[in-house]
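See structure below.
What follows is calculated from the coordinates using simple rules that are stated; it is not laboratory data. Since this is a predicted model, take the numbers as computed values, not measurements. As a convention, Cβ positions derive from the backbone with ideal geometry for all residues, glycine included, and neighbour counts pool all protein chains shown.
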Amino acid sequence: MKDLEGKVVLITGASSGIGEATAKLLASHGAKVVLGARRKDRLEKIAEELRKSGKEAIYEVVDVSRYEDMLRMVKTAVKAYGKVDVLFNNAGVMLLSPLHELKVDEWMKMIDINIKGVLYGMAAVLPVMREQNYGLIINTNSTAGYRVMANSAVYSGTKFAVRAISDGLRKEESTDKNIRITNVAPGPVDTELVSHISDTALRDELNEFTKTKGLSPEDVAEAVLFAISQPESASVDEIIISPAKKLGK
């Protein structure tokens, strides 16, 4: 069993899917988890469930597209536990559509959450990690950050941006401050992500695919656990996860 006893891990997008699965897995390995998301009822339920089973969990209601919310989440973690070992920037949205449909509001929402949300998380936690002289930032990326498909131009663009930002921060902070950056890039995952697509036909098609051939949130959580479990002398820069079922017919 991988021992995360005493590690303080902040998780955004923690109210469902990958974030919830990761919180439960890391807590089962001894981590103190700080949950962040917009849905207070879900956060309360997950945190209470963890505490009843003897785990340590607190939460903050946050909108990652608001810098002040991320500052508050980090402040809560430091006040409660005195440090931040890991930030898991996991919140994200996937609003797929052809560019000619001009769903500009959806484009901006993806930019606000997928790019600005990652930047704001980094900005909130970097001063703490630089003072500590260590830390790990894990970003939920996507295989869409490596390959662009029809209907995913803007979504893929946000994920390519996260790769660039992560690479840049890694080059700036890994040598002197021992701050490591990991991108976890899964293929399709069976979560609520698809349910937010406004195009009904596209949503139904992707929903069917993720439920029959997609990864589970727990698959991705295991990758996060692997990254956190590495010694500080080792940097896991990227983890790409594909559904094994893609090999079948």
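The table below lists the values:
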{"item": "Size of the chain as Cα extents on the principal axes (Å, biggest first)", "result": "48, 40, 36"}
{"item": "Spread of Cα-to-Cα distances over 10 Å intervals beginning at zero, given as percent, for the range 115-200", "result": "16, 44, 27, 12, 2"}
{"item": "Hz values of 3J(HN,Hα) by residue in the range 83-98 - Karplus curve (6.51, -1.76, 1.60), Gly and Pro given as x", "result": "6, 9, 7, 9, 10, 9, 6, 10, 4, x, 9, 10, 10, 7, 5, x"}
{"item": "Relative contact order, percent, the range 8-241 [alpha-carbon distance under 8 Å, six or more residues apart]", "result": "21 percent"}
{"item": "Backbone HN-Hα couplings from phi across the range 187-199 [Karplus 6.51/-1.76/1.60, Hz, Gly and Pro as x]", "result": "x, x, 10, 7, 9, 6, 3, 5, 5, 8, 5, 7, 6"}
{"item": "When the range 10-94 is reduced to its Cα atoms, the Kirkwood hydrodynamic radius in Å", "result": "12.5 Å"}
{"item": "Neighbour-count order for 29, 196, fewest beta carbons within 10 angstrom listed first", "result": "196, 29"}
{"item": "Built amide H within the under 5 Å cut-off of residue 179, gap 5+", "result": "174"}
{"item": "Compactness of the range 57-96 - radius of gyration and Dmax, Cα, Å", "result": "11.7, 40"}
{"item": "Qualifying GluC sites (Glu not before Pro) for the range 140-234 [loop in DSSP, other Cβ within 10 Å: at most 12]", "result": "232"}
{"item": "The range 99-148: radius of gyration over Cα atoms, expressed as a fraction of 2.2 N^0.38 Å", "result": "1.53"}
